[in-house]
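Input: a single structure, listed below in structure tokens.
The values are calculated or read from the model by the stated rules, or taken from the named source; none is laboratory data. Just so it is clear, the model here is predicted, and its values are computed rather than measured. Because the Cβ atoms are built from the backbone with ideal geometry, glycine has one as well, and the counts that use them run over all protein chains shown. Please note that ligands, DNA and RNA were not included when accessible areas were found on the heavy atoms of the full protein model with its side chains. Shrake-Rupley method; radii C 1.70, N 1.55, O 1.52, S 1.80 Å.
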Amino acid sequence: EPEVVSVLPASGTIGSVITVAGTGYAVNDSLTVAFGINTNIQQAAANSNGSFSLTFTIDTQVFGTTTIAVAGAATASNRFIILPQVDSVIPVSGTVGTIVTIRGNGYAAGDAITVAFGTNAGIQTAVTGQYGSFIASWTVDVQRYGTTTIMASGVGTATNVFRIMPAVDSVMPTIGTVGMNITISGTGYAANDKLNIAFGTKTSIQTAIAGSYGSWTSSFTIDTQVYGSTLIT
């Protein structure tokens, strides 16, 4: 009797390459491999001992236990477990206010997905299509600097990461004279970060401390400097 004796690995995400081996088939038997809804994901031939080994790449299918059936003169089967994944994050880094788009697959059909982003447990929701894939977009909210976890939860949970970068996102006013007061604010710094503000030729015109989510506001008076565009760092 034919047997699919080995499936390696036994579980994985869409795009994984798996190796299937079997024995007990007819000599030089022509074999067709069905994987879940894909009735012909790979073909092979048994050798002179009636055994075979082949590989194929997991295509887009739904979460869970999926049947591998190898058919020749007779048919044998085994199983593989499809796991969810967040396989794309675009862009991979940016400042607060950046729009992020993620793609996921390996979930259940019609699965209700909740996306958590760092400290925000429900920044976006989505519903998967019939093959368990989804797309979701959101705007990066005020959170602290560094690598931030994206978690997409439905019938299963998968993660990826986005890197939040610092930004000086407000300068008010943007033009003025020496002696005028300026208020600036920023986001994407570390929690309780100690900040040094440089203004043009003045390497330390003011200091500030970021809050628990990496945002801050500071004010200073324009000192005597030359006309024109002046860099605030």
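The table that follows gives values for the structure above.
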read-out	value
Those strands (runs of 3 or more DSSP E) lying entirely in the range 182-233 with at least 1 residues open to solvent by less than 60 Å² (accessible area, probe 1.4 Å) and of a type in the set (Val, Ile, Thr)	194-199, 202-209
Subset of the range 154-174 (residues that are open to solvent by 40 Å² or more (accessible area, probe 1.4 Å) and outside any loop (DSSP other than H, G, I, E, B))	Thr157, Thr159, Asn160, Val161, Arg163, Met165, Val168, Asp169, Val171, Met172
Thr177 being modelled with pLDDT of 95 or more, open to solvent by 20 Å² or more (accessible area, probe 1.4 Å) and assigned to a loop (DSSP other than H, G, I, E, B)	yes
Count of residues meeting criterion [under 20 Å from Thr60 (Cβ atoms), crowded, with 18+ Cβ neighbours inside 10 Å and free of Cβ contacts under 8 Å to residues at least 60 places away in the same chain] in the range 1-24	1
Count - residues of the range 214-233 that are of a type outside the set (A, V, I, L, M, F, W, C) and under 15 Å from Asp169 (Cα atoms)	6
Given (1) open to solvent by 20 Å² or more (accessible area, probe 1.4 Å); (2) under 29 Å from Tyr107 (Cα atoms); (3) outside any strand (DSSP E or B), number of the condition Val27 does not satisfy	(2)
Strands (runs of 3 or more DSSP E) contained in the range 38-152 and holding at least 1 residues free of Cβ contacts under 8 Å to residues at least 40 places away in the same chain and open to solvent by 50 Å² or more (accessible area, probe 1.4 Å)	38-45, 52-57, 64-71, 85-90, 99-105, 120-127, 134-139
Residue in the range 114-131 that is of a type in the set (Phe, Trp, Tyr) and under 16 Å from Tyr213 (Cα atoms) present	yes
